[in-house]
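A.B. asks: This is the structure, below, for whatever I ask next.
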Amino acid sequence: MNYERRGAPAIRGAFTVPGDKSISHRALLFSSLAKGESVIKGISTGADVKSTMSCLSQLGVRIESSDGVIRVRSEGKNSYSSPATMLDAGNSGTTMRLLTGILAGQKFESSITGDETLRRRPMQRIVGPLSEMGARIAGSENMTAPLRIFPVEKLRAIRYELPIASAQVKSAVLLAGLFAEGETIVVEPVESRDHTERMLGLKKSKGSTGIETRITGDLVILPREYDVAGDISSAAFFLAAGAILPNSSVTARGVTLNPTRTGFLEVLVMMGAKVKIENVREVAGEPIGDVTVSHSELVGVEISGSLIPRLIDELPVVGVVAAFAKGETIVHDAHDLRRKESDRIVAVVDNLEAMGSEVQELDDGFIVNGTGNLRGAEIESYKDHRIAMAFAIAGLAAEGKTTIRDAEWAQISFPEFFSILDRLAA
Ligand code: S3P
């Protein structure tokens, strides 16, 4: 499906977004390890989270959905049954990496694959530490999916220092730690999203080489009710539009304000956007609130270092905002962007170029020289949800017509995206 639209003069109004994708995956996975019934409200509506649900169902976890409320029933962390067929994580890296952490400690064999994109993404980053723990995992060429995970009796606790910050790798190792004797410690050089730690009540501390998180094999996960906060990474697209379109103001209600996820809001403030945060409260251990972004003159900024993991998924839309921020915006230390659902450095640079922006590719990021205008163009989504959505926002602020090719990929995380966009821009 192609999505076509002409620029809009302004974007105004309030909106809610579906539940946070990262929290939703974890709510399902952690419920599947808890003996009893857990209830999940406000779960993400995206296809990625549906992939986690279907993998867990194949593993014998009972999941029911009615009126948007999910009930998960499990007999506890050792109750998965051996799947009859290969598990399919679809497009979802989080499903594959976190679930492999759990499967690594099982007494049965399993296999997990994904779509064409996911089968290209690197899995050595989890297979390395899981193998150190005693897991036996075979992969395809260059350790990509399908992965075949062989049975083990017990894993070994390890101390693992992540070479780059990654919440998926961190969580995979911590989950494997549930099936290991003793204490598993994961050390991150800079902090990535900490939903796993919060939701499992894990201890974090500052060590000499980074932030240390610990888990012991005897941790008992209890069934509970999860209220999933709105996804700030989905809201970010409309907040970006509020910042770049004159006379605009938009409010995202009830989004997660977990500090490991708010880097994008900080960048908007650094660029000079008006950002107002209200109604801050705590829901299920996560700070949430309403965020209003209004247009003002923006300036280019430098984005690097520990800020990167805190806005990793927002970097494509940061590139779009940068085209409207006077002067240079430099993104570096973001090499891992090349390993996402697409090579997001290439996707951002090529599409911004097609829209007439002055942009330069870096090995680990990009430089955009903001001129304040873009022209409509044919956009290649690279079958990547965040590229499709980021450039739909660019199209809103561009002169002339923009066509997003394969726009349906937005449903990976945010099926409601285009209808909310059309309403706010009406
Ligand atoms: C996620 C972690 C991040 C992020 C992804 C979701 C998670 O990936 O890009 O969309 O839920 O743990 P990495 O851990 O590969 O950085």
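Please treat every number below as a calculation from the coordinates, not as lab data. Every value quoted in this text rests on a predicted model; they were computed, and no experiment measured them. Because the Cβ atoms are built from the backbone with ideal geometry, glycine has one as well, and the counts that use them run over all protein chains shown.
A.B. asks: So for each of 334-346, 389-401, 269-281 I average, over its residues, the number of other beta carbons within 10 Å; can you give me the resulting order with the highest mean first? Display every interim value, and only then the final one.
C.D. replies: Working: 334-346: 20.2, 389-401: 24.5, 269-281: 14.8.
Final packing ranking: 389-401, 334-346, 269-281.
A.B. asks: Now for a separate question. Assuming R0 = 45 Å, can you tell me the calculated FRET efficiency for the pair S66 and S304, based on Cβ-Cβ distance, to the nearest 0.05?
C.D. replies: Details: r = 46 Å, r/R0 = 1.02.
Plugging the Cβ-Cβ distance into 1/(1 + (r/R0)^6) gives 0.45.
A.B. asks: Considering Cα pairs under 8 angstrom that are at least six residues apart, work out the relative contact order of the stretch 21-226 and quote it in whole percent.
C.D. replies: Values: 467 pairs, mean separation 41.3, N = 206.
Relative contact order comes out at 20 percent.
A.B. asks: E4 to E361: extension gain in nm, 0.36 nm per residue of separation minus the Cα-Cα distance?
C.D. replies: Separation in residues times 0.36 nm, less the Cα-Cα distance, equals 125.8 nm.
A.B. asks: I've got another one for you. Label the stretch 282-375 by shape, choosing from rounded, prolate and oblate, from the square roots a ≥ b ≥ c of the eigenvalues of the Cα gyration tensor; if a/c is under 1.5 it is rounded, and otherwise prolate applies when a/b is larger than b/c, oblate when it is not. List each step's numbers first, then the result.
C.D. replies: Details: a/c = 1.99, a/b = 1.29, b/c = 1.55.
Cα axes put the stretch 282-375 in the oblate bin.
A.B. asks: If the cut-off is a Cα-Cα distance under 15 Å, which aspartates and glutamates reach K274, setting aside same-chain residues fewer than 8 apart in sequence?
C.D. replies: E266, D290, E297
A.B. asks: Round to a whole angstrom and tell me the spacing of the C-alpha centers of the stretch 1-34 and the stretch 155-185.
C.D. replies: 29
A.B. asks: Evaluate the distance, in nm, between pseudo-label points positioned 7 Å from the Cα of R375 and of R119 along their respective Cα→Cβ axes.
C.D. replies: Going from the R375 label point to the R119 one covers 4.0 nm.
A.B. asks: I've got another one for you. Cα atoms only: what Rg and Dmax, in Å, come out for the stretch 324-396?
C.D. replies: 11.6, 30
A.B. asks: Please give the per residue volume of the convex hull enclosing the alpha carbon atoms of the stretch 21-226, rounded to a whole number of Å³.
C.D. replies: So the per-residue Cα hull volume is 103 Å³.
A.B. asks: Can you list the residues, at least 5 places off or on another chain, whose amide H is less than 5 Å from the amide H of V190, using H built in the peptide plane?
C.D. replies: HN-HN under 5 Å from V190: A165.
A.B. asks: Then there's this: With a ≥ b ≥ c the root eigenvalues of the C-alpha gyration tensor of the stretch 205-266, is it rounded (a/c under 1.5), prolate (a/b larger than b/c) or oblate? If you can, show how the numbers build up before the last one.
C.D. replies: On the way: a/c = 5.38, a/b = 1.86, b/c = 2.89.
Oblate.
A.B. asks: Skipping prolines and chain starts, which residues have an amide H placed within reach, meaning under 5 Å, of the one on E161, given they are 5 or more residues away or on another chain?
C.D. replies: Amide H neighbours of E161: V187.
A.B. asks: While we're here: If we sort 235-245, 309-319 on the protection proxy, mean other Cβ atoms within 10 Å, highest first, what's the order? Write out the running numbers ahead of the final one.
C.D. replies: Numbers: 235-245: 27.5, 309-319: 25.5.
Ranking, from highest mean packing down: 235-245, 309-319.
A.B. asks: Would any residue of the stretch 234-265 have its amide N under 20 Å from a label point 7 Å out along Cα→Cβ of K206? List them or say none.
C.D. replies: Residues 259-263 qualify, since their backbone N sits under 20 Å from the label point.
A.B. asks: Suppose the chain between R224 and E297 were pulled fully straight at 0.36 nm per residue; how much longer would it get relative to their current alpha carbon spacing? Present the calculation step by step, with values, prior to reporting the outcome.
C.D. replies: Values: separation 73, 0.36 × 73 = 26.28 nm, distance 4.57 nm.
Gain in length upon complete extension: 21.7 nm.
A.B. asks: Can you spot the lysines whose alpha carbon is less than 26 Å from K77's alpha carbon? Ignore those fewer than 8 places along the same chain.
C.D. replies: K21, K35, K41, K50, K107, K154, K170, K203, K204
A.B. asks: How far is helix 93-103 tilted off the main Cα axis of the chain, in degrees rounded to 10, range 0 to 90?
C.D. replies: In the chain, helix 93-103 runs at an angle near 10 degrees to the longest axis.
A.B. asks: Which whole number in µm²/s is D for the chain by Stokes-Einstein, with the Kirkwood Rh taken over Cα pairs at 4 °C and 1.567 mPa s?
C.D. replies: On the way: Rh = 21.7 Å.
Approximately 60 µm²/s, per Stokes-Einstein.
A.B. asks: Which of the peptides 250-263, 294-307 is most tightly packed, and how do the rest follow, going by the mean number of other Cβ atoms within 10 Å of each residue? Show your work: numbers first, answer last.
C.D. replies: On the way: 250-263: 21.8, 294-307: 16.7.
Result, highest mean first: 250-263, 294-307.
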